[in-house]
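This report refers to the structure that appears directly beneath it.
The values are calculated or read from the model by the stated rules, or taken from the named source; none is laboratory data. Since we're looking at a predicted model, the values are computed, not measured. Counting neighbours? That spans all protein chains shown, and the Cβs are built from the backbone with ideal geometry, glycine included. In case anyone asks, the SASA skips ligands and DNA or RNA and just uses the protein heavy atoms, side chains included. Shrake-Rupley method; radii C 1.70, N 1.55, O 1.52, S 1.80 Å.
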Amino acid sequence: MSTTPISSIFSYGSTWVRADLHLHTKADKQFEYAGEANAFCGAYVDALELAGIRLGVIANHNKFDFEEFKALRAKARKREISLLPGIELSVNDGYAGVHVLIIFSDRWIEEGKDRLNPFLGTVFPGKTPAEYEHEDGRSDKTLLQVVDALDQLSLDYFLVFAHVEDSKGLWAEMGIGKLGDWKQSRYDALRARTLGFQKVRSYHKTDKAETPCRAKVRQALGGWYPAEVEGSDPKCLGDVGKGRPCYLKLGELGFEALKFALSDYPARVASELPTHRNSHICSIHFEGGGLNGQTLKFSPELNALIGIRGSGKSSVLEAIRYVFDIPRGNKALDTNYKDDLVKHTFGSGGKATIVARDAYGQEFSVSRIFRESPSVHLHGKLQPGVSIRETVLRQPIYFGQKDLSSTGDGFETDLVEKLVGDKLRPLRSRIEIQRQTVREAVMRFQKLSNTAEQKQDYAAQLADATFRLEQFAKFGLAEKLQKRVGFQHDSNALTRVRHQVGTFIEGLESFIAEHEDDLKNAPVYRASEANADFFAEYFSEYTSLLADLEKLKEIATSSRSLANKLDLKQAGFEQRRAGLQDEFALIERQLAQELKQTGASSTSIQSDDFLQQQQRKTKAEQMLELLTKQEKQMDTVYQALLTAVSALNDLWLEEFRVIKAELDRVNAHEAALDIEAEFKGSKETALGFMQQMFRGSNIREATLRNVMTDYADFGGLFRELEIAKSKAGSTPDVFEKTLLQNLADFLTFQVPNSFLIRYRGKELKHHSLGQRASALMLHVLSQREHDVVIIDQPEDDLDNQTIYEDVIQLIREMKPCTQFIFATHNANFPVLGDAEQVHACSYQDDTILVQSGSIDRKEIQTEIINIMEGGEAAFNKRKEVYNQWKSQNSSK
C-alpha cells in the first residue's frame, strides 16, 4: 500500500506539515462515537482536515482494526492526508505499565496482509483480544522483550513513548533511577528504535530529586534524547487535533519520511509552524530550448541540482542568472562556454519566466526572452523600472564554476563587487549623471578654448574685407550701391526677427500641449469621503490656474495671427525689393560703364564682389564681438568645470566609504579573513589607461609615469596642468594637446580602488587553491546579506573535510533564512545538507529531463546513489569497506 502523496503538497520540496502521532478511533474502547457507523470515516477525516493534520498515526490501545484502517486511509488520501498503522502498547515496565506507540512501516500490511495482530498475539500470550484491547490491558513483556520480538520479524518500525510524564508514561512509571539504566549496552537496540517522547511539559524541576523533567531525563540518559512530539490522544471526534501541534518537515507523507524527520529532529521537528521571511525564487518555467515546457520549483531553503557532467545542471543555473541579469563578474571563467549554455537552454526566441517572492510575500513574475531585456510583472501588470536584485530579491549572489578559486589581477575587486555591488546601484546612478555633467562642462570649456584662434581668423577676414572695400571706395561704389546694400541688410534683419517669432510661438504651443491634459484632468480626482470638502475647496482655487491656461492659449492664437501679419508685411517688403531689381541693374550697368571710362578693369572691380565683401565684413565684426564676450566667460567656464570634476570625485569618495563600511562590517564578522581597501589605489590601471590614450604621440611610458607620480587621478593633473607639462620632457605641447583633445575621457576616468584580501594574516593569493576556495566559500556564506546564493559546483577545489566540517554546517544553520541553489557532484551537499529540493538532471536527445523531490523521497535517494555514488552496488561496497575499517580501528 503506497503512501506516495499527491505531488502538489511537495512540489517545492520538503515542507512543514502538521502531524499527530497519537490518534484513536472508534475501534478503541475508550473512544466515544454516537453517529452512524457508515459516516464515521468521513467524519473522522473531516476532523483531521479541520485540525490541519496531514500525517497521522492510528494507534489504538493494544489493538489494530485492519478493515477500519484501510477505510480511513482510503478516505484520507482523497484529502491529501496520510495515515500510518500503529498500536499504543502497554508493556510490563514501571509501576502500572508503560504506554508506547509503535509506528509500523507499510510492509506490515502490504499485499492486504495483517501482520500486526499476529504480533499482538505474541506479546499477549494466552489472552483473548477482549482481555487486552483496552487502555488497562498490559502485556507481560518488557520493553526489551517487545523490541526483541519486533526485531525478529525483520519489518521496520520505531517507538514513540506516549504521555511520558503522565500516568503510564515512561518517565512517570520508571523514574529517573531506572531511566539511567538505558545507558547500558543491553538497551542499545531500544534506544536505536526510540525516536520520540510525546507530551513533554515539565522542562526543568528542582523540587524533588526523582521528579522527571527534561533536564534530568537528559542527564539520566547520558545525553541521548529523542525528538519531542505531540499527539492529541483523542477520546472523541471533538478531541482530534486538540492540544499542542507538532510540525514536521517532510518530503512525502510516509513512514520512511516520518522516520527520517524524527531522526534529524533539530532541523525537522517544530512546535510552531516555521515561516520563511527571506525573498526567494519559487520556480522557473521554460518555453523553447532544451527545457521546453518544463517548470522547476525551488524550496526557499537548500536546492541541489545533481547529474553527471553535461546533464544540464549548469544550464539551469545560467538560465536563472540570465533572467535576473545577475552579472558574472569581470573575472568569471569560461564565459563563452556559459554563453553557449544560455543560448542552448533558451533556443532562438526562447523564454524563461521566474516566479519569485519578495520579503513581504508578494509574488513577482520575471520573464526574459533570449537576447532581450528582462521584464517584471506584479499581479499581471508590467512594473517598468523595478530593480530585480533589490525590490524582488535582496542581493542575490552568483558564483560560476571555479569563480571562488580564480586569481589574477582584479580578482579582489570582482569579489567585492559581488558582495556589495548591488548596494551601490543608486549611488552609481548619481555618478553616471555627474559624469555626463563633467562631459558637458568639458564641451563648453573646449569650445571656449578655441576662442583665441577663432578671433585671429576673423580679425584677418575683417582686415582683408576692409582693405578690399577701401579699393571699391576709390571708385565711389559704396555710395552708388548703398541702396541695394541697405535693402539686403534689411531683408536679413526681417528674416532673423521672423525666425525668433516662430520659435517663440512653437515653444509656447508645445508647452501648452505638454501640460494641458494633465492640468485639466487633475480636478477629475475623487477624494475620500473624509477629505471631500477639503478637495472641493482646493479645486475651487485651482480653477484660477485653468483660467490662466486659457489666457495662454489665447496669447498663442493671437501670436500666430500676428505672425501671419508679419509674414504679409515681409512679403510686401520683398515685393518692393523685387520691384527695384531693374533699378539696381541699371545702376550696375551705368557703374560698369563709368569704370570702363576711368580705365578700371571690369574683371577686377565688380559690384557683386562688393556686396560679398560687405557681408563678409559685417559677419567678421559680429563674430569678433561674440568671441570677445566669450573670452570674458572663459574663467567662469573653467571654474564650473573644476567644480563638476570635484563633485564627481566626491561621489567616488562616497562610493568608497560605502564599500569600506560594508567591508568593515564583513571583517568584524569574519575573524580569519580580512579585506583591506585603498581609495584610488590602482595607480597602474590609471597609467595603463594613460598609455592607451597617448598611443601614437611618441611620449614614452617613463615620461607618462613621471607626470603621474604626484597625482591620484587625472582631475588633479588637470588642475595643475602647467606643472604637469613641465614634467613632460621635450614634448610639453604634444602632451597638452593630447590631454585637451581627450579631456572628457581623462576627467571621467575613475581610478579603481584597490583591495587586499588576507586569510589568517597572509595574502589570499599566497594560499593554495583549496585554502583559498574554502576561505572565500565560508566568507561568502557567512555574510547573511544575500537572500539567494547560487553557486555552480561549490565543491570545486574544496576538500571533503572542509565541506562537511565547515560549509555544510554553516549551510544548515543559514538555510532557514537564505535560499541556496547549488549544482553539484558532491553527495555531501544534498545528503548532509539535508536538501529540501533535489533536481536530478539527465540529457537525452537535446532535451534536459529533470526529476525533482526531497531527499526523504525514495526516488530521489535512488537518483543520488546512482549519480553520486556510482550506483547501489558501489555504494554498498564502500559502506562495507568503511564498516570494516571502522571495526579494525576500533579494535586497535
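Does the stretch 33-55 contain any residue that is of a type in the set (Gly, Ala, Ser), open to solvent by 60 Å² or more (accessible area, probe 1.4 Å) and either more than 27 Å from residue 136 (Cα to Cα) or not in a helix (DSSP H, G or I) (or both)? Within the stretch 33-55 (the criterion being of a type in the set (Gly, Ala, Ser), open to solvent by 60 Å² or more (accessible area, probe 1.4 Å) and either more than 27 Å from residue 136 (Cα to Cα) or not in a helix (DSSP H, G or I) (or both)), the answer is yes, since at least one residue qualifies. Residues in the stretch 323-340 that are at pLDDT 90 or above and open to solvent by less than 30 Å² (accessible area, probe 1.4 Å) were compared, and the one that is nearest to the chain's Cα centre (by Cα) is 324.
Answer with yes or no whether residue 860 is open to solvent by less than 10 Å² (accessible area, probe 1.4 Å), in contact with a Phe, Trp or Tyr (Cβ under 8 Å, 6 or more places away or on another chain), touching a residue at least 24 places away in the same chain (Cβ under 8 Å) and under 23 Å from residue 283 (Cα atoms). Here the answer is no, as residue 860 does not meet what is asked. Taking the stated definitions as given, is residue 194 under 19 Å from residue 163 (Cβ atoms), β-branched (Val, Ile, Thr) and at pLDDT below 90? So residue 194 does not fit the description; no. One residue alone among 179, 170, 89, 153 is within 21 Å of residue 255 (Cβ to Cβ) and crowded, with 16+ Cβ neighbours inside 10 Å, and that residue is 89.
Among the numbered conditions (1) out of contact with any Pro (no Cβ under 9 Å at 6 or more places or on another chain); (2) over 30 Å from residue 831 (Cβ atoms); (3) not hydroxyl-bearing (Ser, Thr, Tyr), tell me where residue 793 comes up short. Every condition holds for residue 793 apart from (2). Screening the candidates 758, 657 for the property of being in a strand (DSSP E or B) and either under 26 Å from residue 447 (Cβ atoms) or basic (Lys, Arg) (or both) yields one hit, 758. Number of residues in the stretch 415-454 that are open to solvent by less than 50 Å² (accessible area, probe 1.4 Å), modelled with pLDDT under 90 and basic (Lys, Arg): the value is 1.
Criterion applied to 319, 257 was being in a helix (DSSP H, G or I), without any contact (Cβ under 8 Å) to a residue 60 or more places away in the chain, on the phi < 0 side of the Ramachandran plot and open to solvent by less than 10 Å² (accessible area, probe 1.4 Å), and the one residue passing it is 319. For the stretch 99-110, the count of residues that are farther than 15 Å from residue 22 by Cα, in a loop (DSSP other than H, G, I, E, B) and open to solvent by 30 Å² or more (accessible area, probe 1.4 Å) is zero. Put simply, of 849, 810 the only residue that is touching a helix residue (DSSP H, G or I) at 6+ places or on another chain (Cβ under 6 Å) and modelled with pLDDT of 75 or more is 810. Do we have residue 660 as within 30 Å of the chain's Cα centre (by Cα), surrounded by 15 or more Cβ atoms within 10 Å (Cβ to Cβ) and basic (Lys, Arg) here? Answer is yes for this residue. Residue count for the stretch 527-566, restricted to those that are surrounded by 13 or more Cβ atoms within 10 Å (Cβ to Cβ), in a helix (DSSP H, G or I) and of a type in the set (Gly, Ala, Ser): 3. Among residues of the stretch 748-759 that are within 23 Å of residue 647 (Cβ to Cβ), those with a Cβ under 7 angstrom from a residue that is open to solvent by less than 30 Å² (accessible area, probe 1.4 Å) and assigned to a strand (DSSP E or B), sequence gap 6+ or separate chain, pair up as 753/677.
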